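Okay, so here's the structure we're looking at.
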Amino acid sequence: GVRVLINVGWDESLLLPSGEEEGESKNALQNLPSPSEVDVILITDSTLSSLGGLPLYLSSAASIPRIYGTFPTVKMGQMTLYDHHASLSLDGKDPGYTLSSVDELFSPSRFTTLRYSQTLTLFSSSSPDKAEA
C-alpha cells in the first residue's frame, strides 16, 4: 500500500538537545517513520503544528517523498516557516534550517498543489507500475 504521512508539526521539543528533558528521548520527530519509509507527505494546513517540523524532518533525508497541499497551504506555509525562522533567530535560538532550505522545500519540484476536494490516486514507491499522481 501507499505510505502517507499526514503533517509534520513543530513543538518546543524540537529545540532540545537529546536527553535534556526528562522522559524525552530526543524530540517529537523521532516518533515518525524515516522519509525513506514514506511515499507521500500530505500537509493539511499552514500552521506550525501541521508543517513546522518539515524542514528538520527532511534535512538529512537521502530521498524526499512528494509533498502535497492546497495552494493556500503552500503559500502561507512558506511564509509561516519564514516567520518562525526569524522569531527563533531573534530569540538567539538555532531554527535548524535555513530560509533557502524552505524555498527549496516549497519549490514546484518538491511540493504539489491540490485543489480543494481534488481526487488523487497514489501509487506505492514499491509498486512496479508506479505513476506520478
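FYI, it's all coordinate maths here, none of it is from the lab. Given the structure is predicted, the values throughout are model-derived calculations rather than measurements. Positions of Cβ are backbone-derived with ideal geometry, glycine not excepted, and every protein chain shown enters the neighbour counts.
Our estimate of slack between Ala61 and Glu37, defined as 0.36 nm per intervening residue step minus the Cα-Cα distance, is 7.6 nm.
If a spin label sat at a point 7 angstrom from the Cα of Val4 along the line to its beta carbon, the backbone N atoms of the stretch 97-116 nearer than 16 Å would be those of 112-116. Report note on the peptides 51-58, 5-12, 83-90: ranked by the mean count of other C-beta atoms within 10 Å, highest first, their order is 51-58, 5-12, 83-90. Enumerate by residue number the GluC sites (Glu not before Pro) in the stretch 37-133 meeting two conditions: DSSP loop (anything except H, G, I, E, B), and at most 14 other Cβ atoms within 10 Å of the site's Cβ. Sites meeting the loop and neighbour criteria: Glu132.
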